[in-house]
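Remarks on the structure that follows.
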Amino acid sequence: MQHAEQLVAGARTVASATSPSPLLDVRDLTVTFPGAAGPVQIVRGLNYSIARGETLGIVGESGCGKTMTSLALLGLVSGGGKVDGTIDFNGSNLVSFSQRQWQQLRGRDIAMIFQEPMTAMNPVMPVGRQIGEVLIKHQKLSRRQAEKRAVELLASVGIPSPARRAQDYPHQLSGGMRQRAMIAMALACRPRLLIADEPTTALDVTIQAQILDLMLTLQDEAKMSIQFISHNLAVVSEVAHSIMVMYAGKAVEYAPSDDLFANPLHPYTQGLIATLPDPDKQVKRLYVIPGRVTSGITVGCRFASRCPRADEGCRRTEPEFVEVAPGHHVACHKVGS
Amino acid sequence: MTELLTLDRISVDIPLDGGFLKPKTILQAVNDVSLTVSKGETLALVGESGSGKTTLGYVVAGLRKQTAGTVTFGSSQRNADGSPPVQVIFQDPFSALDPRMIVGEIVAEPLRLKGVSAKERLARAAEVLGQVGLPPEAAGRYPHQFSGGQRQRIAIARALIAEPEMIVAGEPLSALDVSIQSQVLNLLDDIKQQHGISYLFISHDLGVVRHLADRVAVLYLGRLMEVASRDDLFATPSHPYTQALLAAVPRIGKGRRKKEQILRGEMPSPLAPPSGCVFHTRCPRAQAICRETRPQLLPAPGRPTQLSACHFKD
Ligand SMILES: Nc1ncnc2c1ncn2[C@@H]1O[C@H](COP(=O)(O)OP(=O)(O)OP(=O)(O)O)[C@@H](O)[C@H]1O
Ligand SMILES: Nc1ncnc2c1ncn2[C@@H]1O[C@H](COP(=O)(O)OP(=O)(O)OP(=O)(O)O)[C@@H](O)[C@H]1O
Ligand code: SF4
Ligand code: SF4
Ligand SMILES: [Mg+2]
Ligand SMILES: [Mg+2]
């Protein structure tokens, strides 16, 4: 609870950078797909970790690799994609897992919720029954027990008349209620890590606020870790202890939330912040990050074509990802250590 | 001031087929809404999903007939088909652009209906594509060859080519990247400055509205909760629902919001709207009178032009 109070005052704070061992520790994570002109790296050398009970926010524009990063954690990269590096989850390296091991892990230790629950839920099965299936699979409950537990779970995510709602098919629920049901399903086996991929993007701002609050409340209760993905930094700022900003498959800035907002260092992060309409301030003109993500560039800084500070050096050599202050990492030639 | 658009006590009832052996029911999508928009003004319609924004926008654009009330245009201009000088930009540019037509044809469609020659249509299409920041070659390509932000621009170009006096615009999809959203908002602003067009701008996010609107109308269950100038609405929101919408906008650096700031529950079914004040089932300020008596839309204390429908308005 003390946790919750700290958060009201400002951005969420990282408990301790030196806590014993994080739940998740990702090193040099790379996802490569075969392309017409040779292999294409969709995710390029990510390094990050998530402590127990904490939330990492991942932000970046469409196509930067946010979903691919999450799929890699779940062993769900398909279409010939290859995952390299190490994914240390609670002491095991997931990259070397067999399909069987993945299947046991998914939904039990790591669960995922999606932007549009309709795509992740079975449209022809009542939601209570779907949640029950997860419990039968991983917790070996009888169908009776599982469906009873499903109703409890639906109640715990704030769905009114849960016993009746359990009988509903996904399309009979409102968008907000569907997302709650999806969360109930994801949390059925009390996973240690919850991956939330744009979980509120399709919702009204009012319902978004409810869902974010629900996730944080459940996190406080269960001490689970969350990897929270969004293209909107303001949304991420409400939930994350630390934030990784991605651009074209790479991390360009990674820092505790407070540091990132107090002192955003990468020009792309600065642009993402400036571009948001501010409900508390009247501006003449909204900032726009010029141009758009250019694919196919293989040398220099990937952001150079849109960066107001780019020079010849930027276009020639790719900046290293360096720690410029404790826990604050940046990949930019113009930001010194 | 002469008003370009006057909506007087508009209601839209939608008859629903109850299904097998069930009686027909009436859904009140819009209920007794009166609003005006003057020339060159942007009026934002704000409210949660299902509050009636699109239905009201359709009435203004002549795409749906109201069941009661009158719509008056203070302009003699009419579109080719006799409809009012209003164009619509739909919220979802992915489904609104015909994938089999090239962009030049899509954009020039309103002129084809007017009987403008093919040659002139092409010239005008190139011109409006330029106005929305797309190169002339764009005219020869198909919609799927463009990014989300560019498709938004194509939809805007198609609306512009008919030289409307008013555009009904859904907010650029928030699912689009934030940088695309800000580009589109800036573009709408530029067009307004250059052409003196009025907008009816539809959104659920007051943060997005602040940049573009001159005035804001807040809808809930098809009814007006508050109507005010942008500055009044943001500085001193009067209605509890407006205050809740404002508190829900995500903000950088504020951290987790307080529980009491979060609007509880969801909008009730429009088939069974609550008695009295329709917002009372979710309102943190509700009293007994709210369940019984429907509040009138009246000026907020000391602010004659800020109207609010609440027994306990600020
Ligand atoms: N099966 C695939 N084969 C090759 N490339 C792929 C495949 N799936 C995705 N990609 C590419 O990988 C990149 C990253 O995709 P990803 O879905 O992770 O982006 P994202 O950051 O989640 O974007 P969004 O915000 O749009 O969801 C994109 O450029 C996409 O086109
Ligand atoms: N053709 C229709 N048939 C049945 N109900 C309808 C129809 N059109 C609108 N409605 C209902 O009318 C009400 C108002 O809908 P409308 O689309 O105007 O809301 P909105 O504010 O635009 O919502 P959103 O933010 O989801 O676009 C809703 O309850 C909706 O379900
Ligand atoms: S390295 Fe250069 S181009 Fe890249 S972000 Fe830094 S200043 Fe901009
Ligand atoms: S009339 Fe009552 S229920 Fe309605 S908004 Fe005002 S205080 Fe709330
Ligand atoms: Mg994605
Ligand atoms: Mg709508």
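What to note about this one:
The rows are residues; the columns are (1) modelled with pLDDT under 95; (2) in the same structural domain as B:Ser51 (by TED's automatic domain parsing); (3) surrounded by 24 or more Cβ atoms within 10 Å (Cβ to Cβ).
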| site | (1), (2), (3) |
| --- | --- |
| B:Arg215 | no, yes, no |
| B:Leu219 | no, yes, yes |
| B:Gly222 | no, yes, yes |
| B:Ser229 | no, yes, no |
| B:Leu233 | no, yes, yes |
| B:Gln243 | no, yes, no |
| B:Arg251 | yes, yes, no |
| B:Gly255 | yes, yes, no |
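- Total residues in the range B:60-83 satisfying the condition of being modelled with pLDDT under 90 and over 17 Å from the mean Cα position of the chain (by Cα): the figure is 10.
- Only one of the numbered conditions (1) surrounded by fewer than 24 Cβ atoms within 10 Å (Cβ to Cβ); (2) small (Gly, Ala, Ser); (3) more than 8 Å from chain B (Cβ to nearest Cβ) is not met by A:Ala196, and that is (1).
- Looking only at residues in the range B:1-30 that are of a type outside the set (A, V, I, L, M), modelled with pLDDT of 95 or more and touching an Asp or Glu at 6+ places or on another chain (Cβ under 9 Å), the one that is farthest from ligand 6 (Cβ to nearest atom) is B:Arg9.
- When B:Ile202, B:Ile167 are screened for being within 15 Å of B:Val128 (Cβ to Cβ), modelled with pLDDT of 90 or more and within 16 Å of ligand 6 (Cβ to nearest atom), only B:Ile167 passes.
One line per residue, one yes/no per condition, for (1) surrounded by 15 or more Cβ atoms within 10 Å (Cβ to Cβ); (2) modelled with pLDDT of 90 or more; (3) not in a strand (DSSP E or B):
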residue	(1), (2), (3)
A:Val8	no, no, yes
A:Thr13	yes, no, yes
A:Pro20	no, no, yes
A:Arg44	yes, yes, no
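- B:Glu48 being of a type in the set (D, E, K, R) and in contact (Cβ under 8 Å) with a residue 40 or more places away in the chain: yes
- Across the range B:170-188, the number of residues qualifying as under 17 Å from A:Gln282 (Cα atoms) and touching a strand residue (DSSP E or B) at 6+ places or on another chain (Cβ under 9 Å) comes to 1.
- The range B:260-271, residues that are charged (D, E, K, R) and more than 7 Å from chain A (Cβ to nearest Cβ): B:Glu260, B:Arg264
Residue by residue, here is whether (1) at pLDDT 95 or above; (2) of a type outside the set (Ser, Thr, Tyr) holds:
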{"residue": "A:Pro264", "(1), (2)": "yes, yes"}
{"residue": "A:Pro267", "(1), (2)": "yes, yes"}
{"residue": "A:Leu272", "(1), (2)": "no, yes"}
{"residue": "A:Thr275", "(1), (2)": "no, no"}
{"residue": "A:Arg292", "(1), (2)": "no, yes"}
{"residue": "A:Arg302", "(1), (2)": "no, yes"}
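- Positions within the range A:212-236 being more than 10 Å from chain B (Cβ to nearest Cβ), part of a helix (DSSP H, G or I) and under 18 Å from A:Ile58 (Cα atoms), in sequence order: A:Met215, A:Gln219
- Extreme residue, nearest to ligand 4 (Cβ to nearest atom), among residues of the range A:59-87 that are over 23 Å from A:Trp102 (Cα atoms) and hydrophobic (A, V, I, L, M, F, W, C): A:Val59
- Criterion (among the hydrophobic types (A, V, I, L, M, F, W, C), under 24 Å from A:Thr217 (Cα atoms), within 14 Å of chain B (Cβ to nearest Cβ) and away from ligand 5 (no atom under 16 Å from the Cβ)) met by exactly one of A:Ala163, A:Ala181: A:Ala181
- Strands (runs of 3 or more DSSP E) fully within the range B:19-125 counting 1 or more residues that are away from chain A (no Cβ under 14 Å) and within 16 Å of ligand 4 (Cβ to nearest atom): B:25-38
- Of all the residues in the range A:46-90, those that are in a loop (DSSP other than H, G, I, E, B) and within 9 Å of ligand 1 (Cβ to nearest atom) number 11.
- Members of the range A:279-337 found to be within 12 Å of ligand 3 (Cβ to nearest atom), of a type in the set (D, E, K, R) and within 14 Å of another protein chain (Cβ to nearest Cβ), listed by number: A:Arg306
- Subset tally (residues that are modelled with pLDDT of 90 or more and within 22 Å of A:Val252 (Cβ to Cβ)) for the range A:52-63: 7
- Residue count for the range A:83-108, restricted to those that are at pLDDT 95 or above and of a type in the set (D, E, K, R): 2
- Within the range A:186-211, the residues that satisfy the criterion of being in a helix (DSSP H, G or I) and touching an Asp or Glu at 6+ places or on another chain (Cβ under 9 Å) are A:Val205, A:Thr206, A:Ile207, A:Ala209, A:Gln210.
- Test for B:Ile167: is it more than 11 Å from chain A (Cβ to nearest Cβ) and among the β-branched types (Val, Ile, Thr): yes
The values are calculated or read from the model by the stated rules, or taken from the named source; none is laboratory data. Just so you know, these numbers come straight off a predicted model, no measurement behind them. Using ideal geometry, Cβ is built from the backbone for each residue, glycine included, and neighbour counts are taken over all protein chains shown.
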